[in-house]
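Just so it is clear, none of the values below were taken in a lab; they were calculated from the coordinates. The structure presented is a predicted model; accordingly, all values stated were derived computationally and were not measured. Note that we place each Cβ from the backbone using ideal geometry, even for glycine, and neighbour counts take in every protein chain shown.
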Amino acid sequence: MSNPCVKCGKQRIDGKTWVGKMGVSSITYTKTVCPDSECQKIVDKGIAERKAKTEAMLKAKAEAKQARAKLLAAS
Ligand SMILES: [Zn+2]
């Protein structure tokens with residue numbers, strides 16, 4: 001199965017694998033990484049930044065919801 005790196009297009013290789021639980025069965029997860037470690041660092045950074053952005057957005061949403069609830073409670 002082709003799984004090219006999003007940054008450089010090189011075929012990604014299996015990085016770390018770990019076993020997770022899904023209900024009663026366990027699933028083996030494999031994280032694929034770019035064979036170029038410097039490139040992988042950049043990719044990882046991009047993922048972390050996206051994750052931080054999503055978390056910030058979710059937090060802002062939750063805060064807005066809370067503010068709205070407070071406003072409704074006050075009126
Ligand atoms: Zn790459």
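Quick one: which residues, 5+ away or cross-chain, put their amide H under 5 Å from the amide H of T32? H built at 1.01 Å from N.
So T32 has HN proximity to G15.
For K10 and K70, calculate 0.36 nm times their separation in residues minus their Cα-Cα distance, and state this gained length in nm to one decimal.
Numbers: separation 60, 0.36 × 60 = 21.60 nm, distance 5.17 nm.
Length gained between K10 and K70: 16.4 nm.
If I model a spin label as a point 7 Å beyond the Cα along the Cα-Cβ vector, how far apart are those points for E63 and K51 in nm?
Result: 2.2 nm between the two label points.
How far apart, in nm, are two points set 7 Å out from the Cα along the Cα-to-Cβ line at D44 and at T30?
So the two model labels end up 2.0 nm from each other.
Which one of A62, I13, A52 has its Cα pushed farthest toward the positive end of the charge dipole of segment 13-74, where Lys and Arg give +1 and Asp and Glu give -1 at the Cβ?
A62
Taking the 0 to 90 degree range and rounding to the nearest ten, how far is the long axis of helix 37-74 tilted relative to the main principal axis of the chain, both from C-alpha atoms?
Helix 37-74 sits at roughly 10 degrees to that axis.
I want to verify the translational diffusion coefficient of the chain in µm²/s; compute it with Stokes-Einstein, Rh as the Kirkwood radius over Cα pairs, at 20 °C and 1.002 mPa s.
Working: Rh = 15.8 Å.
So the translational diffusion coefficient is about 136 µm²/s.
Is there a pair in K7/K45; K31/K51; K10/K53; K10/K51; K7/K41 whose C-alpha atoms are over 19 Å apart, and which pairs would that be? Mind dumping the intermediate values first?
On the way: K7/K45 12 Å; K31/K51 17 Å; K10/K53 27 Å; K10/K51 24 Å; K7/K41 11 Å.
Check vs 19 Å cut-off fails for K10/K53; K10/K51.
Let me have the 222 nm mean residue ellipticity of the chain computed from DSSP H runs of 4+ only, each contributing -39500 (n - 2.57), with the sum over all residues rounded to the nearest 500.
The helix contribution divided over the chain gives -18500 deg cm²/dmol.
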